[in-house]
1. Residue by residue through the stretch 102-150, note down the ones that are more than 14 Å from the ligand (Cβ to nearest atom), in contact (Cβ under 8 Å) with a residue 40 or more places away in the chain, basic (Lys, Arg) and in a helix (DSSP H, G or I).
2. Considering only the stretch 154-200, state which residues are outside any loop (DSSP other than H, G, I, E, B) and of a type in the set (S, T, N, Q).
3. Just to be sure I understand the filter: pairs with C-beta atoms under 8 Å, separated by 6 or more residues or on different chains, first member in the stretch 224-239 and under 19 Å from residue 257 (Cα atoms), second member of a type in the set (Phe, Trp, Tyr). Which pairs pass?
4. Which pairs do you get when a residue that is more than 28 Å from residue 12 (Cα to Cα), found in the stretch 89-101, comes within reach of a residue that is within 10 Å of the ligand (Cβ to nearest atom) and not β-branched (Val, Ile, Thr), reach meaning Cβ atoms under 6 angstrom, with the pair 6+ apart or on two chains?
5. How about the stretch 180-194: which of its residues are charged (D, E, K, R) and either at pLDDT 95 or above or within 17 Å of residue 255 (Cβ to Cβ) (or both)?
6. Answer with yes or no whether residue 230 is more than 14 Å from the ligand (Cβ to nearest atom), of a type outside the set (Gly, Ala, Ser), surrounded by fewer than 17 Cβ atoms within 10 Å (Cβ to Cβ) and in a helix (DSSP H, G or I).
7. Being within 24 Å of residue 192 (Cα to Cα), touching a Leu at 6+ places or on another chain (Cβ under 9 Å), within 13 Å of the ligand (Cβ to nearest atom) and assigned to a loop (DSSP other than H, G, I, E, B) is the requirement here; does residue 96 meet it?
8. Would you check if there is a residue in the stretch 201-211 being within 21 Å of residue 142 (Cα to Cα) and of a type in the set (A, V, I, L, M)?
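The values are calculated or read from the model by the stated rules, or taken from the named source; none is laboratory data. Being a predicted model, the structure only gives us computed values, none of them experimental. Every residue, glycine among them, receives a Cβ derived from its backbone with ideal geometry; neighbour counts consider all protein chains shown.
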Amino acid sequence: MDLGIDGKWALVCAASKGLGRGCAAALVREGVHVVITARGADALQAAAAELRALNARAEVRAVAGDIATAEGRAAALAACPQVDILVNNAGGPPPGDFRDWDRDAWIRAIDANMLAPIELMKATVDAMAARGFGRVVNITSGAVKAPIDVLGLSNGARSGLTGFVAGLARQPRLAARNVTVNNLLPGAFDTDRIRSAVAAQAARAGRAVEELIAARAASVPAGRLGTPDEFGALCAFLCSAHTGYLTGQNILLDGGAYPGTF
Ligand code: NAD
């Protein structure tokens, strides 16, 4: 299927690795020009070089910076001639017990996983509406649908974003102008994030990382972790010309892990 987005410009946040990079790769394969961001310049430049090798027709620009800050967002936006597609993403908050989290811990989580995407939507969606095309995909988490006890900062901050998006996506000045806003909820995906979390558990338990990864994979009905490429493929479809009637949704991609009927 031709996704019909060849030549559009996308800002893909936090995209040197993992799910963000999977989304950037899928968009580049479709001929979308991308601005990718990440905090670490070396991994970002390496990712940009790999993305350029995927499709010579797509321009790839890399902007190092923290997307949770106003400066990081301004630099990312300045590098993108126009934002037709916005993929919001940032690192997830650390695990822990809410008894140990102070106001600063909450503000860091809310800045990265709620306010940064809201600020970027504020900066882009009205211009998308004026042009008659816009796609926003927020990478959130399956934890929004089925909270994970130790990820309380994530459960809380991302639920705030989810509630906000539910209202924003339904504004006629966006929905009736072919601007869609959806959230993509990852279950367990094989990325650095999941591997570093498992490495910490393995060290505490005196077990091998691969053994714990295998146990995690076995707990998913699909019998495996997801891949950044398959996450990216769904993201690119949500950003396609074919999804103008699909907005305000929370789409779970989790290999069947969520046990509910709906
Ligand atoms: P990852 O650690 O593999 O990659 C994160 C990327 O984000 C890296 O490129 C990193 O440089 C960049 N980054 C992090 N914080 C940033 C910031 N403030 N500004 C700019 N760049 C930043 O992580 P991932 O597994 O791809 O996860 C992406 C998001 O999805 C995270 O919020 C994570 O919590 C969430 N998530 C992941 C999974 C999973 O199984 N991997 C499951 C649920 C939710």
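1. Selection gives 131 alone.
2. Looking only at the stretch 154-200, we keep the residues that are outside any loop (DSSP other than H, G, I, E, B), and these are 154-168, 172-175, 179-186, 189, 192-200.
The answer is 154, 155, 159, 162, 180, 182, 183, 196.
3. From residues that are under 19 Å from residue 257 (Cα atoms), the pairs are 225/189; 226/189; 227/189; 228/189; 231/189.
4. none
5. Filtering the stretch 180-194 for residues charged (D, E, K, R) gives 190, 192-193.
Result: 190, 193.
6. Details: more than 14 Å from the ligand (Cβ to nearest atom): no; of a type outside the set (Gly, Ala, Ser): yes; surrounded by fewer than 17 Cβ atoms within 10 Å (Cβ to Cβ): yes; in a helix (DSSP H, G or I): yes.
Here the answer is no, as residue 230 does not meet what is asked.
7. On the way: within 24 Å of residue 192 (Cα to Cα): yes; touching a Leu at 6+ places or on another chain (Cβ under 9 Å): yes; within 13 Å of the ligand (Cβ to nearest atom): no; assigned to a loop (DSSP other than H, G, I, E, B): yes.
In short, no.
8. no
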